[in-house]
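Single-structure report; data block below.
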Amino acid sequence: MFEVPKIKSAKGKVKLKGDKSISHRTLIFSALSEKGERTKIFNLSSAKDVLSTSECLKKLGVKIHISEEYAEVEGKGLYLSQPESIIYAGNSGTTARIFSTILSAQKFPSVLDGDESLRKRPMKRVVEPLRTLGAKIWGKENGNKLPLVFEGAEKLKGGKSFRLDVPSAQVKTALLIANFWSNNIVKVKEPTLSRDHTERILPIFSVNVRCDSDGFIWCEGKPKSPKSIKIPGDISSASFLISLGIINKNSEVEIEDVLLNKTRTGFIEALKSMGAEIICEVEKEESGEPTGRIIAKTSKLKAKTFSGEIIPKMIDEIPILSCVAVFSEGIFSVKDAEELRVKETDRIKAIVENLKAIGIEVEEYKDGFAFEGLGEKAREKLKHEYYIKSFGDHRIAMSFFILGSSINGKVFIDDVSSISISYPEFFKDFEFLMEK
Ligand code: S3P
């Protein structure tokens, strides 16, 4: 049991390690770059998930050296070396989905596995389209669950267009990069736009991304190293610090050099529409991404309903947004977010159960939930002892840590070790902002 420390107000300026999604992609495209080309990556994420990607690449013979100053990756081209043992993606869905394509197209057989949480997550969304491209993949539930076995097809067939049922940047990326190993074009289209980091970073690696008149996208060319690249700060990590600034009295939190890509800032858009005082200023481009500063101040919030196109733009931030909504006035609800059920844990269930544990009445739907916020007096109203279950999920642990730190009651979380999956500096940054 971990007792959450208390915060009175949050003040200060923070710089964050590189965005997790962009870090995965940068490592992978650097590794697939032409043989011998070296890429220096500045501000690579220190998240355990990103380390999983790095370890998978190393097992496949890629040379990666990570120092305090930068990470250096030596390109190996599109064909990697046969590994001695299984490729282990840990807790990382992004690693598992993207490596499904890479392993499908190698010249050797391999096995991909993950931890207990990742073994429960659906893989059919990448396995089925890859099979139609000629990939030979076997696994539990007809290839829907890890561990998966890949025969290694060397070339993929291509000549197919895929229309995704749900917006997913992981699946979009897995199918886009199939073009590296196929003679014919592989196109993909999402129902609504998910994070577009792959589309933005590929041109930096000299790969052109094309779009046809029906909105299907594909890419042309093979990755070439840009020699050096800098990753903007992680906007998902920033969401926890922004929240501290908003729900606590006399607070002002500033985040510098952070990713401000609109496919990722749905959380800020949502908070602003609830009345939050947040300023975002784009200052430059880094790795093809708008980057700048965010300033968040103590705010009075009105609850709202969120559904439709904004959901994929804040999919990872719905747990923290829900915790912030406890401090808002009125009914807060989330709809069209069924994808949350297949994240690191069933996040709808985790949010609902934990809000109930602090005494809030919550209605659960198949694709979301609704509850009434406690308003500005939430800190005083929540004065008892509460027990939170993280379900081994980093974002659930951090969201309820932020909520717990900002109320009068004592809050205990069963396990906070998962936090290092995405944000190992979380405790340090929290303490830095804390005015004792
Ligand atoms: C990610 C895409 C999202 C997101 C995940 C990271 C990525 O998942 O939830 O944390 O890096 O592409 P989906 O693609 O499944 O929506």
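Length gain on complete extension for the stretch Glu72 to Lys377, per 0.36 nm per residue less the alpha carbon to alpha carbon distance? Display every interim value, and only then the final one.
Details: separation 305, 0.36 × 305 = 109.80 nm, distance 4.97 nm.
Taking 0.36 nm per residue and subtracting the Cα distance, the gain is 104.8 nm.
Take the Cα radius of gyration of the chain and divide it by 2.2 N^0.38 Å, N being the number of residues; the result is 0.97.
Between rounded, prolate and oblate, where does segment 146-251 land on the alpha carbon gyration tensor, with a ≥ b ≥ c its root eigenvalues, rounded for a/c under 1.5, else prolate if a/b exceeds b/c? Here segment 146-251 falls in the prolate category.
The fraction of accessible area contributed by carbon and sulfur in segment 1-129 is 49 percent, rounded to a whole number (1.4 Å probe; ligands and nucleic acids excluded).
Average 1/r across all pairs of distinct alpha carbons in segment 266-415, invert it, and you get the Kirkwood radius: 15.9 Å.
Once backbone amide H atoms are built at 1.01 Å from N, Lys63 has Glu74 as its partners under 5 Å, excluding neighbours fewer than 5 places away on the same chain.
Accessible area per residue for the chain is 39 Å², calculated with a 1.4 Å probe on protein heavy atoms, without ligands, DNA or RNA. Think of it as helices only: each DSSP H run of n ≥ 4 in the chain is worth -39500 (n - 2.57), and spread over all residues that comes to -8500 deg cm²/dmol at 222 nm. Taking the centroid of alpha carbons for each part, segment 1-52 and segment 251-292 are 17 Å apart. Listed values for segment 177-183 are Karplus-derived 3J(HN,Hα) couplings in whole Hz (6.51 cos²θ - 1.76 cosθ + 1.60, θ = phi - 60°), namely 6, 4, 4, 4, 10, 10, 7, and x replaces Gly and Pro. P(r) for segment 198-344, from all Cα pairs and a bin width of 5 Å, is 2, 9, 16, 17, 17, 15, 11, 7, 4, 2, 0 %, short bins first.
In order along segment 349-363, phi translates into HN-Hα couplings of 4, 5, 5, 4, 4, 6, 5, 4, 5, 9, x, 9, 7, 10, 9 Hz, rounded to whole numbers, per the Karplus curve 6.51 cos²θ - 1.76 cosθ + 1.60 with θ = phi - 60° and x for Gly and Pro.
Reported to the nearest whole Å, the Cα centre-to-centre distance from segment 112-177 to segment 359-385 is 38. Calculate what fraction, in whole %, of the accessible area of segment 267-311 sits on carbon and sulfur atoms when a 1.4 Å probe is rolled over the protein chains. C and S atoms contribute 47 percent here.
Angle of helix 48-59 to the longest C-alpha principal axis of the chain, folded into 0 to 90 degrees and rounded to 10: 10°. Using the alpha-carbon atoms, what tilt in degrees (0 to 90, nearest 10) does helix 93-104 show relative to the longest principal axis of the chain? Result, in degrees: 10.
Its Cα gyration tensor gives segment 338-397 an equivalent ellipsoid, and the semi-axes of that ellipsoid, as √(5λ) in whole Å with the largest first, are 22, 14, 9. Here the Kirkwood formula, the inverse mean of 1/r across different C-alpha pairs, assigns segment 199-240 a hydrodynamic radius of 12.4 Å.
Binning at 10 angstrom from zero up to the longest distance, how are the C-alpha pair distances of segment 305-360 distributed in percent? P(r) over segment 305-360, rounded to whole percents: 22, 59, 19, 0. Size descriptor for segment 284-324, Kirkwood hydrodynamic radius: 13.0 Å (Cα pairs only, one decimal).
In sequence order, segment 60-69 has phi-based couplings of 9, x, 7, 8, 10, 10, 10, 10, 4, 7 Hz under the Karplus curve 6.51 cos²θ - 1.76 cosθ + 1.60, θ = phi - 60°, and Gly or Pro positions carry x.
The values are calculated or read from the model by the stated rules, or taken from the named source; none is laboratory data. Remember, it's a predicted structure, so these values are computed and weren't measured experimentally. Protein only, heavy atoms only, side chains kept; ligands, DNA and RNA dropped before computing areas. Shrake-Rupley method; radii C 1.70, N 1.55, O 1.52, S 1.80 Å.
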